[in-house]
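Let me begin by presenting the structure, written as structure tokens, before commenting on it.
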Amino acid sequence: MKKEFPENFLWGSSISAYQAEGAITEDGKALSVADLSTCKNGICQNAVSSDFYHHYKDDIKLLAEMGAKTFRFSLSWPRIMPQGEGELNFKGIEFYNHVLDELEKYHITPIVTLFHYDLPLPLFEKYGGWKNRKVVDLFLNFCKVCFQEFGDRIHYYLTINEPDILLMYGGHGLDLGGEEDFQKHKLIINHHFAIAHAKAVNLCHEMLPKVKIGPVFGYVPVYPRTSNPLDMMAANKISDIQNSFFQELFLNGFYMENVLNMYSRKSEMPIIIKGDMELIKNAKSDIIALNYYKSDVAYSSNTDQGYQLIANQYTKQTKWGWDIDSIGIRYMLHDVYYRYHMPILITENGIAEIEEIGSDSLVEDLYRIDFLRSHLLECKKAIDDGVELIGYCNWSYLDLISTSHGFEKRYGLIYIDEKNNNKRIPKSSYFWYKDIIKTNGGKL
Ligand code: BGP
């Protein structure tokens, strides 16, 4: 018999603090490095962003009306601890307690990321950011405060959002010291992420034994262009670099030497102190969170070493050149589940467009419905194949600041009309998703 979505499947939607909250210097919050990186040509859209900080009650009400079972958001370190260390900002803590109150009111399970790119700026100014091992301990202090303050009101914690994408593409304030500095230190930064992750997992298990915690990867499947064995090797190599390297490190405490070698010309090697690898290996995550947007195609430029990416002739692309590949999500689920055998949460999946409200005050985002439907159908097939997928959150719940293109690149189920006091306008996809949740995927 075909397996369906389980009855307690966590249907939900996702945002992150710096991309949605706004209020970047309000009620005691300090700036984060991410706040600076999204300011372009002097325009800081993130100062207001989707203004979730002031609209959270209405937003969560709409979320409940959609039937959501879960909400994935992140805690802003500089809102809770403005200097990144030392004094707490009680207004910040109060804000997240209010968010949790609203979620509890509607029986919505919180899934919370502890670090979604927004390192407090003072920690960059004082210590140079994540390249300094001291920041690992400061992050752990921040986690301790969160575990103390919010405890098991939060059912799932995620440690660091997409260390893989951060390392591969930089930005998000990691490069405030300049591109060269980032390239040089990227493996050191990544090692610090892995230690920070492991310590947060252990601390969570110690302080909150009932709560689940795990990493978040941004997984990009890589296909070979042809059946030429060299193309397959090229695809494997790129997948090792952008996927396996991180999963093996964070989940198994193992460094893939082929990838380290590849970096060795441009980057310093990670500084591994005695006990580090045991620490990472022994910190057992409970869940794996995966973000999925697209796949890539690789080919070999005819030597065993050279490899490149090329457009996929079988898929369409988004305006921003990302391959739209629903089967890729099933490929990812199989690959990760049958390698690590742990429950999986999809914490991001979605498509962006440049959108405006129609004259009838509607946003008919049929392409988003197509995208979400086709991806969810593949998730269902993966469940039928035995993958333990326990939840799915689309990216994003609200229109918010894209990491690369500000408000121009919209992902939300809800349109934010920034010209009209940030009015919330549910798009067609909101109502479609509501029906899907109501029927537990039956209407896909
Ligand atoms: C992921 C990030 C999100 C989100 C998404 C879309 O990597 O976790 O924060 O922004 O990508 O990317 P973009 O905003 O660049 O389109």
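None of the figures in this text is laboratory data; all of them are computed from the coordinates on show. None of the values given here were measured: they were computed from a predicted structure. Positions of Cβ are generated from backbone atoms using ideal geometry, with glycine treated the same way; all protein chains shown enter the neighbour counts.
Restricting attention to segment 273-297, the residues that are surrounded by 15 or more Cβ atoms within 10 Å (Cβ to Cβ), among the aliphatic types (A, V, I, L, M) and away from the ligand (no atom under 16 Å from the Cβ) total 6.
Among what's in segment 403-417 and is within 13 Å of the ligand (Cβ to nearest atom) and within 19 Å of residue 55 (Cα to Cα), pick the residue that is farthest from the chain's Cα centre (by Cα). I'd like the intermediate steps shown before the answer.
Initial filter on segment 403-417 (within 13 Å of the ligand (Cβ to nearest atom)): 403-412.
From what's left, within 19 Å of residue 55 (Cα to Cα): 407, 410-412.
Numbers: 407: 18, 410: 16, 411: 14, 412: 15 Å.
The qualifying residue farthest from the chain's Cα centre (by Cα) is 407.
Determine whether residue 389 is of a type outside the set (S, T, N, Q), surrounded by 16 or more Cβ atoms within 10 Å (Cβ to Cβ) and away from the ligand (no atom under 16 Å from the Cβ). So residue 389 passes the test. Looking at segment 239-289, the helices (runs of 4 or more DSSP H) lying wholly inside it that each contain 1 or more residues that are in contact with a Ser or Thr (Cβ under 9 Å, 6 or more places away or on another chain) and closer than 22 Å to residue 199 by Cβ sit at 245-252. Answer yes or no as to whether residue 239 is surrounded by 14 or more Cβ atoms within 10 Å (Cβ to Cβ), more than 23 Å from residue 117 (Cβ to Cβ) and hydroxyl-bearing (Ser, Thr, Tyr). So residue 239 fits the description; yes.
Does residue 371 meet the test of being on the phi < 0 side of the Ramachandran plot and away from the ligand (no atom under 12 Å from the Cβ)?
Yes: the conditions hold for residue 371.
Looking across segment 344-382 at every residue that is more than 17 Å from residue 319 (Cβ to Cβ), among the small types (Gly, Ala, Ser) and under 22 Å from the mean Cα position of the chain (by Cα), the one that is surrounded by the most Cβ atoms within 10 Å (Cβ to Cβ) is identified as 382. Strands (runs of 3 or more DSSP E) fully within segment 299-397 that include at least 2 residues being under 23 Å from residue 411 (Cα atoms) and free of Cβ contacts under 8 Å to residues at least 60 places away in the same chain: 344-348.
Counting the residues of segment 137-172 that are in contact with a helix residue (DSSP H, G or I) (Cβ under 9 Å, 6 or more places away or on another chain) and surrounded by fewer than 20 Cβ atoms within 10 Å (Cβ to Cβ) gives 11.
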